[in-house]
Amino acid sequence: MKRYIIMFIYLTLISCNRDSRKFTITDFSKMRTDTLQPYKWKIVSPIHNYSSAFVKLKGFSNDTIKLEGISNLVLIGNIDTIAKMDYYGTQEVICVFRPYKATEGRLEIEYGL
């Protein structure tokens, strides 16, 4: 029983250090920039460190779009992808959506640490 309590506390602490944002783009006439600040921990320990950043994209566009920041992606058509990179908590994470040649579509973007 004691082991389960310790495991529960550990998993709770790990799940609490996830910073992310989610938004939907339906207006392909303009660029969108979003910034995520890393959380400043008061206690420094191995469980409070970031290790990776991610971006998840799902939806469609009628032509080419660009997503810059975590990963520089050029996508078209039906989109369902995940990109990851190493991240050490030293700078803010910027996500830039550029419609490029696309004029319509619907895209859900989630990115985080």
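Laboratory data are not the source of any read-out in this text; all were calculated from the coordinates shown. Model, not experiment: these values are computed from the prediction. Cβ sites come from the backbone with ideal geometry, for glycine too, and all protein chains shown count toward neighbours.
What the table below lists for this structure:
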{"item": "Label point distance in nm, Glu110-Lys56, each placed 7 Å from Cα along Cα→Cβ", "result": "0.2"}
{"item": "Label-point separation, Lys40 to Asp80 (7 Å along Cα→Cβ), nm", "result": "4.2"}
{"item": "Summed side-chain charge close to Ser71 - residues other than Ser71 whose Cβ falls under 12 Å, Lys, Arg +1, Asp, Glu -1", "result": "+1"}
{"item": "Net length gained if the chain between Thr33 and Thr103 were fully extended (0.36 nm per residue, minus Cα distance)", "result": "23.4 nm"}
{"item": "Inter-label distance for Glu68 and Phe23, nm, one decimal - labels placed 7 Å from Cα along Cα-to-Cβ", "result": "1.6"}
